Amino acid sequence: MKYNVVHFFGVWLLCFGLTSIAWGQQEEPVKDPVAEEQSEEIQPIKGGVSYEPILDEKEGKLREPFKSPFELERERQEQRKKNRALSDASERLEYTIQELELKGIYFQVEKGYFAIFSVGGEYKWYQVGTKFQDGDLVNITDNEVWFKEYVEDEATEGRVREKRQVLHRGE
């Protein structure tokens, strides 16, 4: 009886080993790439770079495709400078920010803050939004006046910086 069990177990192990080897050696059917391409629908190529001209909102014309973004930005800044010089020249006062000497700040409930400046020996009152030759009055608080100053030297063309004048109550 022992011989039969051992013999049966050995035969079973041999059959299992042979079938597992046979399964491992089975090849998958070879796919025909030409038949697959013909069966699938043709898909357009996605991705890549294409030129889609963008309308410039301000100018209303197509962007120049052969100019670098740096050249385009430089041209826009030059155009802004020209536009600011031409359109704002009539709206701007003849004084520069450096000529203004802060003498006082006045608050009126209906109209808000007024900054009182001494300009050439005269006292002038200005509110937020007043435009001077080289900048704009942008904010007035109870003891400070803030300007947006346009810097026009060669090293920093088209730049803007904030300038603050503080009112010292003891003066």
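Can you find a residue in the stretch 50-60 that is surrounded by 10 or more Cβ atoms within 10 Å (Cβ to Cβ), modelled with pLDDT of 80 or more and not aromatic (Phe, Trp, Tyr)? Spell out the reasoning first.
Pass one, the stretch 50-60, residues surrounded by 10 or more Cβ atoms within 10 Å (Cβ to Cβ): 53, 55-56, 58-59.
Those still in the list that are modelled with pLDDT of 80 or more too: none.
Within the stretch 50-60, not a single residue is surrounded by 10 or more Cβ atoms within 10 Å (Cβ to Cβ), modelled with pLDDT of 80 or more and not aromatic (Phe, Trp, Tyr).
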Checklist entry - Among the residues of the stretch 73-95, is there at least one that is more than 16 Å from Arg159 (Cα to Cα), part of a loop (DSSP other than H, G, I, E, B), at pLDDT 90 or above and of a type outside the set (Val, Ile, Thr)? => result no
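For the stretch 101-169, please list each of the strands (runs of 3 or more DSSP E) lying entirely inside it that holds at least 2 residues being closer than 30 Å to Glu75 by Cα.
On the way: elements: 101-108, 112-119, 122-126, 135-140, 144-151, 159-166.
Passing ranges, in order: 135-140, 144-151, 159-166.
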Checklist outcome for this item: Considering residues that are at pLDDT below 90, hydroxyl-bearing (Ser, Thr, Tyr) and surrounded by 15 or more Cβ atoms within 10 Å (Cβ to Cβ), the number found within the stretch 113-171 is 1
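The values are calculated or read from the model by the stated rules, or taken from the named source; none is laboratory data. Given the structure is predicted, the values throughout are model-derived calculations rather than measurements. Backbone-built Cβ (ideal geometry, glycine too); neighbour counts: all protein chains shown.
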